[in-house]
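S.K.: I'd like to ask some things about the structure below.
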Amino acid sequence: MKAKDKWKRGLPYVGNKGQKVEQIMEALPNGKRFIDVFGGGGCVSLTAISSGKYEEAIYNDQKKTVVELLKALINDEPHLNLMDYVALTREQFIDWRDNQPDSIERTLVLIAYSFSNNQKGYLWSRKNEEEKLLLTRALFYGNTGTEFDQLYNYSLNANTISEKYRLFHKWRREQMNINSRYDLLQQLERLQQLQRLQQLQRLQQLQQLQQLERLQRLQYSVNDYRELVIDTDDVVYCDPPYVGTQHDYGGFDHKAFENWYLHECPAKEIYISEYTKLPHTEVAFNFGKKLSLTATGKRRDELLLRVVH
Ligand SMILES: C[S@@+](CC[C@H](N)C(=O)[O-])C[C@H]1O[C@@H](n2cnc3c(N)ncnc32)[C@H](O)[C@@H]1O
């Protein structure tokens, strides 16, 4: 994916469609309005508005603060200073997770700092968290009293997270050639929180990139899927919590979902991403194998299903 298109990946959120999304979009029919029922990180909605296939896209998720975070980033309102979140400790993460009420900011912290994006565990192991934080502090603030402080001057002119991160890699490569602490630097290859924050910053920068007209086609909605008001000619896309995966989002009722797509949702075109074929659907596209999230470790096909009545 070209750097200038990376904003379409949306929030680095659990279940992010990432690489598959372009293929999904190609397989979906054109229409007036696109409805992303279980929007999550938003990448399907963002790809839909930039595809030119729809006049409008509704990005919906029942999780209010996730929808609000995407909206805040894209509209830059309220402005979030992402540089304030570059080096959070385990203790700060746990405090946000356990003691703070749900909010845009808390969601941002959980997305940027949770291990495998599960919003539960802290990103790094105890083994290297200290060094990763030190390195990040040196990069952004200097004054750590360590050899890493060179990074601060080295990247002084960089004013985005992406640019800082790029210079960190450049510095690291240079140092590995001359520095005796080769092993340590080799281990400190990725600062995952910066990768995620740079993805959030891309969304903040969209307004400047003349994407305004496209972004105006995006509507935000916080609803349970059963509450959505849908027309017969809408193109409906569903990426629900998958059957039989550990990410059950507090228990998703798959029977109720089946009843909804068969009997309640009036749209003629309803598509569902799943690993197993569901009742009254046909396979519109097969993306091939993906390592399953279930304990068995089986590989299963990732499917795009179309509802047939
Ligand atoms: C598999 S994720 C979607 C991932 C998304 N396609 C992406 O690329 O980021 C499923 C989403 O469904 C949402 N969800 C779960 N139950 C829901 C419900 N009853 N109504 C609406 N959204 C729901 C969850 O909050 C979660 O964000």
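The values are calculated or read from the model by the stated rules, or taken from the named source; none is laboratory data. All figures in this text were calculated on a predicted structure; none of them were measured in a lab. Every residue, glycine among them, receives a Cβ derived from its backbone with ideal geometry; neighbour counts consider all protein chains shown. SASA here: full protein model, heavy atoms, side chains in, ligands and nucleic acids out. Shrake-Rupley method; radii C 1.70, N 1.55, O 1.52, S 1.80 Å.
S.K.: Among (1) open to solvent by less than 30 Å² (accessible area, probe 1.4 Å); (2) outside any helix (DSSP H, G or I); (3) not charged (D, E, K, R), there is one condition Val21 misses while meeting the rest; what is its number?
M.R.: Checking Val21 against (1) open to solvent by less than 30 Å² (accessible area, probe 1.4 Å); (2) outside any helix (DSSP H, G or I); (3) not charged (D, E, K, R), the one that fails is (2).
S.K.: Further question: In the stretch 145-163, what residues are closer than 24 Å to Asp183 by Cβ and not in a loop (DSSP other than H, G, I, E, B)? Can you show your working first?
M.R.: Of all residues in the stretch 145-163, those closer than 24 Å to Asp183 by Cβ come to 145-152, 154-155.
If the condition is that a residue be closer than 24 Å to Asp183 by Cβ and not in a loop (DSSP other than H, G, I, E, B), then Glu147, Phe148, Asp149, Gln150, Leu151, Tyr152, Tyr154 are the ones that fit.
S.K.: What about Leu156, is it without any contact (Cβ under 8 Å) to a residue 40 or more places away in the chain and surrounded by fewer than 16 Cβ atoms within 10 Å (Cβ to Cβ)?
M.R.: Considered against the rule, which asks whether it is without any contact (Cβ under 8 Å) to a residue 40 or more places away in the chain and surrounded by fewer than 16 Cβ atoms within 10 Å (Cβ to Cβ), Leu156 comes out as yes.
S.K.: State yes or no: is Arg173 basic (Lys, Arg), assigned to a loop (DSSP other than H, G, I, E, B), open to solvent by 60 Å² or more (accessible area, probe 1.4 Å) and not assigned by TED's automatic domain parsing to the domain that holds Leu28?
M.R.: So Arg173 fails the test.
S.K.: Here is a follow-up. Testing Ala3 on (1) in contact with a Leu (Cβ under 9 Å, 6 or more places away or on another chain); (2) closer than 21 Å to Gln198 by Cβ; (3) more than 15 Å from the ligand (Cβ to nearest atom), one condition comes back false. Which one is that?
M.R.: Condition (1) is where Ala3 drops out.
S.K.: If you don't mind, there's one more thing I want to ask. Would you mind finding the one in Lys17, Lys64 that is under 12 Å from the mean Cα position of the chain (by Cα) and basic (Lys, Arg)?
M.R.: The match here is Lys17.
S.K.: Collect the residues in the stretch 201-233 that are in contact with a strand residue (DSSP E or B) (Cβ under 8 Å, 6 or more places away or on another chain) and away from the ligand (no atom under 16 Å from the Cβ), keeping them in residue-number order.
M.R.: Result: Arg217, Asp231, Asp233.
S.K.: So, in the stretch 34-64, of the ones that are charged (D, E, K, R) and surrounded by fewer than 19 Cβ atoms within 10 Å (Cβ to Cβ), which residue ends up farthest from the ligand (Cβ to nearest atom)?
M.R.: Across the stretch 34-64, the extreme among qualifying residues is Glu55.
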